[in-house]
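Right, one structure below, let's go through it.
The values are calculated or read from the model by the stated rules, or taken from the named source; none is laboratory data. Nothing here was measured: the structure is a model prediction, and the numbers come from that model. Cβ sites come from the backbone with ideal geometry, for glycine too, and all protein chains shown count toward neighbours. Heads up: the accessible areas ignore ligands, DNA and RNA and are worked out on the full protein's heavy atoms, side chains in. Shrake-Rupley method; radii C 1.70, N 1.55, O 1.52, S 1.80 Å.
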Amino acid sequence: MSPSKQDFILAVEGLTVSFDGFKAVNDLSLYLEPKEIRVIIGPNGAGKTTVLDLICGKTKATDGSIKFQGKELTKMSEHNIVRAGVGRKFQNPSIYEDLTVFENLEVSYPAGRSVIGALAFKRDAAVIEAVEEVAETIFLTDMLHQEAALLSHGQKQWLEIGMLLIQKPDLLMLDEPVAGMSVAERKKTAELLRVITENHTVLVIEHDMQFVGDIADRVTVMHQGKVLSEGSIDHVKQDPKVIEVYLGH
Amino acid sequence: MKANLFIEWLKSREGIYYVLLALLLVVVFPLALDSFRLNMVGKYLTYAFAAMGLVLCWGRSGILSLGQGIFFGLGGYCMAMFLKLEASSPENTAIQSTPGIPDFMDWNQLTALPWFWEPFHSFSFTLIAVLAVPALLAFIIAVAMFKRRVGGVYFAIITQAIAAILTILIIGQQGFTGGVNGITDLRTLMGWDIRTDEAKTLLYFVCVGMLFVCLIVGAWVMRSKLGRILLAMRDQEDRVRFSGYDVASFKIFVFCLAAMFAGVGGAMFTLQVGFMSPSFVGIVPSIEMVILCAVGGRNSLLGAIYGALIVNAAKTFFSESFPELWLYGLGVLFIAVVLAFPDGLAGLYRRYVMPLESKLPAILRRGNAEAQTLPVEEAK
């Protein structure tokens with residue numbers, strides 16, 4: 001049944017993390033194909049955010065392996081995981097409020113990442129072009145030279161997505177990208193994600209079932225640190241176990 | 001082309017601030033103050049080096065160090081060791097039981113110069129050591145702390161503890177360091193008597209020159225992408241880390257840079273004041289440096305310089321007139337700054353004076369326009 005591992009961009013196997021004996025993620029396996037949009041859903045405390053933390057290195061795994069394009073991530077430092085091509089958006093918008101939108105994107109641009117490199121970094125045409133291109137994608141062209149603190153909640157979320165896009169990651173992980181957004185903003189975000197997924201593999205955590213249905217190729221349902229069900233949105237919706245622990249409420 | 005850009009920059013608002021500071025330090029003070037008071041301004045300015053380091057490290061990067069006195073002291077001691085060795089020539093110390101070693105070593109029954117004093121016979125080594133010794137200790141502290149992700153209050157307390165430890169070490173090792181008296185009776189620098197009024201005036205100008213070197217280096221760092229990363233790191237450390245940066249290496253860099261600034265300040269202090277003692281190393285001077293930086297404005301390099309001048313001048317004034325009140329005054333000042341105007345003098349300036357400035361250039365511009373049209377008319 002298991003296809004050869006080279007087909008997967010991300011292969012998580014037997015992943016376990018234990019906090020003082022409590023297993024937040026318990027023997028979890030997850031396989032992502034290139035250019036796939038995978039959504040993780042599940043009740044609160046199911047371990048969804050912890051899975052993203054483990055993949056991006058914020059939390060160290062107790063056991064198991066995470067292979068990304070053939071590289072073992074569990075032993076790598078956070079910044080090297082990012083440099084390997086994994087981008088992560090946090091649940092609350094994490095942007096640099098004292099910098100302008102342009103500077104936010106520029107700081108995220110993948111050049112001058114060492115101390116010396118950052119001192120020698122020049123804002124050349126390539127940087128400006130990349131920033132403007134991303135700004136257009138995230139609907140913030142008109143706001144480039146505004147302080148990021150002045151953006152609305154939704155715009156901040158887009159800016160953080162933009163800060164990931166400019167790094168050109170191969171895998172993009174988004175933690176509740178539409179939380180706290182208005183209906184209009186949700187629609188625009190879904191549109192944004194569709195553009196993004198033309199070139200990236202995306203792993204999303206989301207609660208909004210409508211939104212999940214709009215974007216997901218496949219859905220993984222988590223419960224108590226384990227995979228409860230996996231498949232298309234319709235398959236998952238009809239799974240009695242899923243209805244019992246999650247959708248039924 | 002480059003010269004033109006420089007002139008353009010001087011005409012910009014920021015450039016004018018630098019020019020005004022230079023005028024104040026290079027022209028106004030030397031003309032208005034006698035040699036004694038000018039030397040005191042020079043002493044105040046040595047604290048401005050440490051305060052500028054704190055602007056980079058604390059204001060810009062959010063790393064509060066309560067131990068800048070460590071690096072100020074190390075820079076100062078390096079310079080003092082060189083000057084002391086020069087003052088302890090065998091002729092000058094002929095009455096000692098071991099001529100040719102510093103007097104306090106002789107009093108402490110040392111009969112040979114300790115090995116770590118030997119290289120300080122060389123002036124070029126000393127100049128390097130003034131930068132390298134503080135930087136090296138800062139590097140060791142920073143690697144040990146930041147690689148383990150120790151930060152915030154814990155880091156501040158540890159730096160304060162190190163300042164206390166260093167003071168105790170210097171006082172305890174009297175034979176090697178001069179103990180609680182410090183290294184005193186410094187006379188000449190490469191044969192040039194540093195105790196005369198002329199020498200002190202010249203050293204004041206050297207100090208101002210070094211201050212501007214540090215100011216320009218600091219401003220350059222803040223304007224570079226590294227400066228923006230430091231600011232980003234202060235507000236959203238995780239976001240910077242998960243944007244592919246090794247956060248610890250940036251913290252190590254800025255902490256070492258701040259230490260080097262303080263070291264230069266310490267060396268200039270020794271040269272101008274003529275001695276170095278543990279009372280400039282410990283917790284109290286370290287906290288004073290933080291207060292200078294906070295009063296001036298922790299996000300402004302220029303603010304730190306004005307803060308150092310104003311607070312130290314106030315300190316001199318109050319401790320001459322009401323010696324017992326000064327420490328309370330300093331405490332009240334610090335609390336007032338933190339509660340009422342967290343961006344210090346620079347913040348007050350930005351808020352209240354800058355709006356007035358925009359009216360000023362309108363008048364200046366009119367003046368300039370007239371000046372520019374005149375020659376044209378004459379040419380006709």
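Annotations
- Scanning region A:198-229 for residues that are among the small types (Gly, Ala, Ser) and not in a helix (DSSP H, G or I) turns up A:Ala216, A:Gly225, A:Ser229.
- Among the helices (runs of 4 or more DSSP H) confined to region B:1-119, the ones with at least 3 residues that are of a type outside the set (Val, Ile, Thr) and in contact with a strand residue (DSSP E or B) (Cβ under 6 Å, 6 or more places away or on another chain) are located at B:68-87.
- Matching residues, region A:58-110, being assigned to a strand (DSSP E or B), within 11 Å of chain B (Cβ to nearest Cβ) and either hydrophobic (A, V, I, L, M, F, W, C) or surrounded by fewer than 17 Cβ atoms within 10 Å (Cβ to Cβ) (or both): A:Val86
- Taken over region B:299-324, the criterion of being open to solvent by 80 Å² or more (accessible area, probe 1.4 Å) and under 27 Å from B:Leu64 (Cα atoms) is satisfied by B:Ile310 alone.
- Of B:Leu83, B:Leu74, B:Leu113, all but one fail to be closer than 17 Å to B:Gly265 by Cα, assigned by TED's automatic domain parsing to the domain that holds B:Phe250 and open to solvent by 20 Å² or more (accessible area, probe 1.4 Å); the exception is B:Leu74.
- Region A:133-157, residues that are open to solvent by less than 10 Å² (accessible area, probe 1.4 Å) and either in a helix (DSSP H, G or I) or polar (S, T, N, Q) (or both): A:Ala135, A:Ala148, A:Gly154, A:Gln157
- Close Cβ contacts (under 9 Å, 6 or more residues apart or on different chains) running from residues in region A:130-143 that are closer than 10 Å to A:Val101 by Cα to residues that are assigned to a helix (DSSP H, G or I) and open to solvent by 90 Å² or more (accessible area, probe 1.4 Å) comprise A:Ala135/A:Asp142; A:Thr141/A:Glu132; A:Met143/A:Leu150.
- For A:Val212, the stated conditions do not hold, so it cannot be described as under 20 Å from A:Leu165 (Cβ atoms) and either aliphatic (A, V, I, L, M) or at pLDDT 90 or above (or both).
- Among (1) open to solvent by less than 40 Å² (accessible area, probe 1.4 Å); (2) part of a strand (DSSP E or B) - the single one A:Leu54 does not satisfy: (2)
- Meeting the requirement of 1 or more residues that are more than 14 Å from chain A (Cβ to nearest Cβ) and either within 21 Å of A:Glu106 (Cβ to Cβ) or touching a residue at least 40 places away in the same chain (Cβ under 8 Å) (or both), the helices (runs of 4 or more DSSP H) wholly within region B:210-284 are B:247-273.
- Of all residues in region B:144-163, those being open to solvent by 30 Å² or more (accessible area, probe 1.4 Å) and on the phi < 0 side of the Ramachandran plot number 12.
- Any hit, region B:223-235, residues being touching an Asp or Glu at 6+ places or on another chain (Cβ under 9 Å) and open to solvent by less than 10 Å² (accessible area, probe 1.4 Å): yes
- A:Gly14, sole failed condition from (1) over 13 Å from the mean Cα position of the chain (by Cα); (2) within 19 Å of A:Glu206 (Cβ to Cβ): (2)
- Single residue of region A:176-197 satisfying the filter (without any contact (Cβ under 8 Å) to a residue 60 or more places away in the chain and not in a helix (DSSP H, G or I)) that is least open to solvent (accessible area, probe 1.4 Å): A:Val178
- Residues that are out of contact with any Asp or Glu (no Cβ under 9 Å at 6 or more places or on another chain), at pLDDT 85 or above and of a type in the set (Lys, Arg) do occur in region A:159-174, at least one of them.
- Answer from B:Leu215, B:Leu202 - the residue that is under 23 Å from the mean Cα position of the chain (by Cα), open to solvent by less than 10 Å² (accessible area, probe 1.4 Å) and closer than 30 Å to B:Leu24 by Cα: B:Leu215
- Pair list, Cβ < 6 Å and 6+ apart or interchain, from region B:336-352 residues that are surrounded by fewer than 19 Cβ atoms within 10 Å (Cβ to Cβ) to residues that are in a helix (DSSP H, G or I): B:Phe341/B:Gly347; B:Phe341/B:Leu348
- Here is the figure for region A:36-51: residues that are touching a Ser or Thr at 6+ places or on another chain (Cβ under 6 Å) and open to solvent by 20 Å² or more (accessible area, probe 1.4 Å) total 0.
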